[in-house]
Amino acid sequence: MTNDDKDSAFQALHDAQRAAFLLYMELGDAGDNAGAANAQIRADRLQNEMRNVVNKELSAWQAGAEALIPKLTQAATAAQTAVDQVQGAVATAQKVSAAMQALDKAIDLGMKFIA
Amino acid sequence: MKTQRYKRYNKTPAIKTSLRHLDRGISLLSIGIAFVFFLAGCTAPDQKPFQQYSTAVKDAGDSLDKVLVEETNWSRDDYIGTVLKGSVALEKTALLDSKPGQFTVLFPANGQNQPTFYQLQDVRVTLLSLNQATGKYVNVLSTLAGKDLVNPDTFETIAKDTDNSMNSIAKKIGVQGAEQGIHIFSVGSAEVMRLLIEHRRRAALEKILVDSQPAIDEYCAKCVSLLSALDKSLSIDYNAKAQALETEFRKVRNDEGGKDKDLTGSNKARTIVEEHLQLNSDYLALVHSLKSAKEVYTKLPQGHRELLQSVRKQATGFEAIRDLSEEGKRLKTIYDELQKPSSKSPKGETTQG
């Protein structure tokens, strides 16, 4: 059953429920209490059927969505790893600079000893 | 002339070797220049569309969650209404069955009779996890594309600091020409380093965008299908609320004199009509927000493709991302309107038929 078929089936239930409710109102106005009660029972049953359809859809959605969470988490992890690697490369460049500064200081110290 | 010169050089093996080294040097220099030209194309990506995309995903996720919370409340009201009406038995739908030792409880009939609002609560937990994972992904993506990650200023500082240190060292050890300043590391070298990192960043962005496209497609498809389920669920709850109000109105009319009675003076009847109109406004706003959210989730996959195009430097007008941004703002406005206290139907005041 395609999504369109499911939507059409739901729409049919919805229309039938609305018709049953209007019939309940009309029969009540006409004083046909037994007929009205009957129509109300039908309207309620159709309303329950609609709830069952939605419940099934929600259950199916839930199962599929839970399977998707690891895939999205994996995408986030891959992106974070790339960020870390780029940051690491920048840090390496900074270390080269820091090493030069350290060397400068070491030479400075060495020169003082020699002097 | 050239040939003669070469012939003369060829007579000496030492010159021959020097020429070979010179050739190799020229080749390496050419490769080096070509490499620098190749890297020179590696400019930082434009972060703005990434930020817009990230905001659109967050706004859509937040709005969908808010609609879900609202619908859960409606569904809960509906459940209570059906129990009070007697069309659903409390013991068949609410009497939980515990499973000692398994740390779980079941709704009657092995969970078959679980009221919709409970299911919506479960759905919300899953949706929050989905949104959290997607939100984290697009946020990190935005960071990866961001200027701050490979900041040219940082590299300029690195170059200057290294130059200063090198010059200081050269002066101390008495290197000739140190007084004029030796730019061994130099801004140029730092720039090559930056370009190398930039190249690595672009390659990573491209790979991640390609690899994650299926997950984003699936996420959006899931959200669209959830919106469809919510649309149906809302219509059921609206039906129940509206029909209860109409039944109540009919009772008031019958109590006050029948079908043809003028109810202008009836406060009870007026309150019911007001409630009905308010219910309609709320329902319309919720349906509009669902429709707007559907627009957003339908365009999110295309927006993700546009980010890839921009990283690959293919021409893109970012149409989907622009639309997403606009629709996101619209969605936020709709929900903000819905959240205003004046537009809320008073909870518990809806009369059940």
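Let me know the mean shielding of B:122-135 by other chains, meaning the per-residue number of their Cβ atoms within 10 Å of its Cβ. Walk me through the intermediate numbers first.
On the way: counts 3, 5, 0, 2, 8, 3, 0, 6, 6, 1, 4, 10, 6, 2.
Partner-chain Cβ atoms within 10 Å, mean over residues of B:122-135: 4.
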Compute the separation of the alpha-carbon centres of region B:193-227 and region A:41-115 and state it in Å as a whole number.
12 Å
Set the Förster radius R0 to 45 Å, insert the Cβ-Cβ distance between A:F113 and B:K207 as r into 1/(1 + (r/R0)^6), and round the FRET efficiency to 0.05.
0.30
For A:K6, the lysines lying under 23 Å Cα to Cα, once residues fewer than eight places off in the same chain are dropped, come out as A:K56, B:K222, B:K232, B:K291, B:K294
Please compute the length gained on full extension between B:K291 and B:D262, using 0.36 nm multiplied by the number of residues separating them and subtracting their Cα-Cα distance.
6.5 nm
Nearest-0.05 FRET efficiency for A:K71 and A:V96, computed from C-beta distance (R0 56 Å)
0.90
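In percent, what relative contact order does region A:3-114 have, based on Cα pairs under 8 Å that are 6 or more apart in sequence?
20 percent
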Sum -39500 (n - 2.57) across every DSSP H segment of at least 4 residues in chain A, then divide by the residue count to get the 222 nm mean residue ellipticity, nearest 500.
-35500 deg cm²/dmol
Across the residues of B:193-200, average count of Cβ atoms on other protein chains within 10 Å?
3
Show the residues, 5+ positions off or on another chain, whose built amide H is closer than 5 Å to the amide H of B:F318.
none
Using Cβ contacts closer than 10 Å as the measure, can you line up B:L141, B:L290 from fewest to most?
B:L290, B:L141
Aspartates and glutamates within cross-link reach of B:K172: Cα-Cα under 17 Å, excluding same-chain residues under 8 positions apart?
A:D104, A:D108, B:D161, B:D163
Cβ-based exposure ranking for A:L23, B:L324, in which fewest neighbours within 10 Å come first
A:L23, B:L324
From phi via Karplus (6.51, -1.76, 1.60), per-residue ³J(HN,Hα) for region A:30-35 in Hz, x at Gly/Pro
7, x, 8, 5, 5, x
Output ³J(HN,Hα) for region B:76-85: one whole-Hz value per residue in order, computed from phi by the Karplus curve 6.51 cos²θ - 1.76 cosθ + 1.60 with θ = phi - 60°, and x for Gly and Pro.
5, 4, 4, 4, 4, x, 5, 5, 5, 5
Selected from B:Q102, B:G146, B:F117, residue furthest toward positive end of dipole (region B:45-183; charges at beta carbon)
B:Q102
Give me the dipole magnitude in Debye, nearest 20, for region B:181-291 about the Cα centre, with unit charges on the beta carbon: positive for Lys and Arg, negative for Asp and Glu.
180 debye
What distance in nm separates the simple spin-label points at B:D255 and B:S129, each placed 7 Å from Cα in the Cβ direction?
4.9 nm
Checking the cross-link filter: which lysines have an alpha carbon closer than 22 Å to that of B:K48, excluding same-chain neighbours under 8 positions apart?
B:K58, B:K136, B:K147, B:K207, B:K299, B:K313, B:K329, B:K332
How would B:R270, B:R200 line up from fewest to most surrounding beta-carbon atoms within 10 angstrom?
B:R270, B:R200
Under 20 Å from a point 7 Å along the Cα-to-Cβ line of A:T81: which residues of region B:286-318 have their amide N that close?
none
Using each residue's phi in region B:327-337, evaluate 6.51 cos²θ - 1.76 cosθ + 1.60 at θ = phi - 60° and report the 3J(HN,Hα) Karplus result to the nearest Hz, with x for Gly and Pro.
5, x, 5, 4, 4, 5, 4, 4, 5, 4, 4
Let's see if you can work this out: charge +1 on each Lys and Arg Cβ, -1 on each Asp and Glu Cβ, no other charges. What is the dipole magnitude of region B:185-240 about its Cα centre, in debye to the nearest 20?
260 debye
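Relative contact order for region B:225-342: what percent, with Cα pairs under 8 Å and sequence separation of 6 or more?
Result for region B:225-342 is 25 percent.
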Farthest toward positive dipole pole in region A:3-114 [+1 Lys/Arg, -1 Asp/Glu at C-beta], among A:Q94, A:Q62, A:A34:
A:Q94
Could you give the length gained on full extension between B:K329 and B:N73, defined as 0.36 nm per residue of separation minus the Cα-Cα distance, in nm?
89.7 nm
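A short reminder: the numbers here are calculations on the coordinates, not readings from a lab. Remember, it's a predicted structure, so these values are computed and weren't measured experimentally. Ideal geometry is used to build each Cβ from the backbone, glycine not excepted, and the neighbour counts take in all protein chains shown.
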